[in-house]
Amino acid sequence: MSQQMVIAYIGNGKSTNRYHIPFVLTRKDKIRIKKIYTRNHARDRWAEIPGVQYVGDINEILDDDEIQVVIVSTPHDTHYSYAKQVLEAGKNCVSEKPFTETKEQAEELFALAKEKGLMMQCYQNRRFDSDFLTARKVMESGKIGDVTEMEISFDYYRPEVPQNNAFHPFNSFLYGHACHTLDQVISCFGVPDRVQYDVRQLLGQGKMNDYFDVDLFYGNRLKATVKSSYFRVKGRPAMTVYGMKGMFVKEVKDKQEEHLKMFVMPGEPGFGEDKPSEYGTLIYMDDEGVYHEEKVPTVTGDYARYYDALYETVMNGKEQLVKPIETITQIEIMEKGIKGLR
């Protein structure tokens, strides 16, 4: 049996219990959750995890020499302060997204981690979304040729959200959702040469940002676009990729979040899997000029793969999955994109 990595969580809300713990529990041979810090455990809505200690004093985590990694899974405006506490206590740290509110805060955390010889990383689980993994597989196959465009959409019809929320730069649709899709683009293509923004308040000044369309340009050929709206009765395709010889379109988003909301758990039959009717479509011209149109079986997503990579970094010294420059770039893009709105 491999040596277990011992972890703890700061925060015991939906994020910890829906997007982290169910996946960690599929890796019990490699990872042990020792403690969870919660301010008021009597008011917590989530069932206790057997064998985990719930503590009301954060120092019970920071002073525990056995704990190797602390995951910050709290409201975004606390990420910076909690992550700084964790690093100053000499612990490796993972923070939920959006990682920080400003580029300056992100750079400070990564500099502190480097100074102390620690790992600081953003939790970018959506690198393991099924639609994104399938699109990457298609691109890597070469069938669509050199990629010229990628479009990633994350649409809802939830008008009540912007109607009920005043504007705040960091409580915005851009920060709340582009933190997923920008990372997908950056993980594929790296730091863009330039960025073009269309970030709006469809309900007018004073209301929350409820729409964005951000273009990332790589040289003269490649453009990647991330876009979202709260006012799409029918959402756009989740993932579309165009190349010099073809295209791939995936209408349906990854199913992991949907299944988690239905209390279908990772490891259960069918978790995160698409039906054949939900497979994406690949269209291309081959080298003989023959037209092809075919369904591509979906690569099943698995957020536990983030923790697999984390294990390799902490326990075996491998390079971290989400690089500091990737996170800093994402925060800088969002910080610039929200400027000018009131």
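The values are calculated or read from the model by the stated rules, or taken from the named source; none is laboratory data. Values in this document were obtained by computation on a predicted structure and should not be read as measured data. Because the Cβ atoms are built from the backbone with ideal geometry, glycine has one as well, and the counts that use them run over all protein chains shown.
Residue check: is K223 of a type in the set (D, E, K, R) and farther than 25 Å from K275 by Cα?
In short, yes.
Given the residues I49, I61, I10, I36, which is the only one that is free of Cβ contacts under 8 Å to residues at least 40 places away in the same chain, surrounded by 19 or more Cβ atoms within 10 Å (Cβ to Cβ) and not hydroxyl-bearing (S, T, Y)?
Exactly one residue qualifies, and that residue is I36.
For the range 137-178, which residues satisfy the criterion of being in a helix (DSSP H, G or I), touching a residue at least 60 places away in the same chain (Cβ under 8 Å) and closer than 22 Å to K253 by Cα?
Once the filter is applied, which keeps residues that are in a helix (DSSP H, G or I), touching a residue at least 60 places away in the same chain (Cβ under 8 Å) and closer than 22 Å to K253 by Cα, the range 137-178 yields K137, V138, M139, V161, L174, Y175, G176, A178.
Just the residues that are within 16 Å of I36 (Cβ to Cβ) and of a type in the set (V, I, T), please, taken from the range 61-111.
If the condition is that a residue be within 16 Å of I36 (Cβ to Cβ) and of a type in the set (V, I, T), then I61, I67, V69, V70, I71, V72, T74, T78, V86, V94 are the ones that fit.
Among the residues of the range 179-211, write down those that are among the hydroxyl-bearing types (S, T, Y), in contact with an Asp or Glu (Cβ under 9 Å, 6 or more places away or on another chain) and either part of a helix (DSSP H, G or I) or exposed (fewer than 15 other Cβ atoms within 10 Å of the Cβ) (or both).
Residue satisfying the conditions is S187 alone.
So which of G243, G270, G280, G317 is over 25 Å from S95 (Cα atoms) and without any contact (Cβ under 8 Å) to a residue 12 or more places away in the chain?
Criteria check complete, one pass: G270.
Restricting to the range 212-235, name every residue that is part of a loop (DSSP other than H, G, I, E, B) and either of a type outside the set (A, V, I, L, M) or outside the structural domain of F132 (by TED's automatic domain parsing) (or both).
G219, N220, R221, Y230, R232, K234, G235
Of the residues Y307, Y311, which single one is over 25 Å from P169 (Cα atoms), touching a helix residue (DSSP H, G or I) at 6+ places or on another chain (Cβ under 7 Å) and outside the structural domain of E151 (by TED's automatic domain parsing)?
Result: Y307 is the single residue among Y307, Y311 that is over 25 Å from P169 (Cα atoms), touching a helix residue (DSSP H, G or I) at 6+ places or on another chain (Cβ under 7 Å) and outside the structural domain of E151 (by TED's automatic domain parsing).
Please identify the pairs in which a residue from the range 292-305 that is under 14 Å from A135 (Cβ atoms) has its Cβ atom under 8 Å from the Cβ atom of a residue that is of a type in the set (K, R) and crowded, with 21+ Cβ neighbours inside 10 Å, counting only partners at least 6 apart or on another chain.
Taking only residues 6 or more apart or on different chains, the pairs are T298/K250; G301/K255.
Go through F132, F154, F99, F110 for me and flag whichever is at pLDDT below 95 and not hydroxyl-bearing (S, T, Y).
F154
Output the residues belonging to the range 282-302 that are assigned to a loop (DSSP other than H, G, I, E, B), closer than 19 Å to M150 by Cα and of a type in the set (A, V, I, L, M, F, W, C).
V299, the sole residue that qualifies.
Could you list, in sequence order, all residues of the range 268-293 that are loosely packed, with under 13 Cβ neighbours inside 10 Å and in contact with a Phe, Trp or Tyr (Cβ under 9 Å, 6 or more places away or on another chain)?
Passing the criteria: Y291, H292, E293.
Among the residues of the range 181-229, write down those that are farther than 18 Å from F154 by Cα and touching a helix residue (DSSP H, G or I) at 6+ places or on another chain (Cβ under 6 Å).
V191, V195, L203, K207, Y218
Condition first: of a type in the set (A, V, I, L, M) and outside any helix (DSSP H, G or I). Now tell me which residues in the range 116-136 satisfy that.
Within the range 116-136, L118, M119, M120 qualify.
Exactly one of (1) outside the structural domain of R200 (by TED's automatic domain parsing); (2) part of a strand (DSSP E or B); (3) of a type in the set (V, I, T) is unmet by V249. Its number?
Looking at each condition in turn, V249 falls short on (1).
What number goes with the only condition from (1) part of a loop (DSSP other than H, G, I, E, B); (2) within 25 Å of G117 (Cβ to Cβ) that G51 does not pass?
Here G51 meets the rest and fails (2).
Would you confirm whether or not the range 13-27 contains a residue that is assigned to a strand (DSSP E or B) and not aliphatic (A, V, I, L, M)?
Checked against the condition, which is being assigned to a strand (DSSP E or B) and not aliphatic (A, V, I, L, M), the range 13-27 yields no hits at all.
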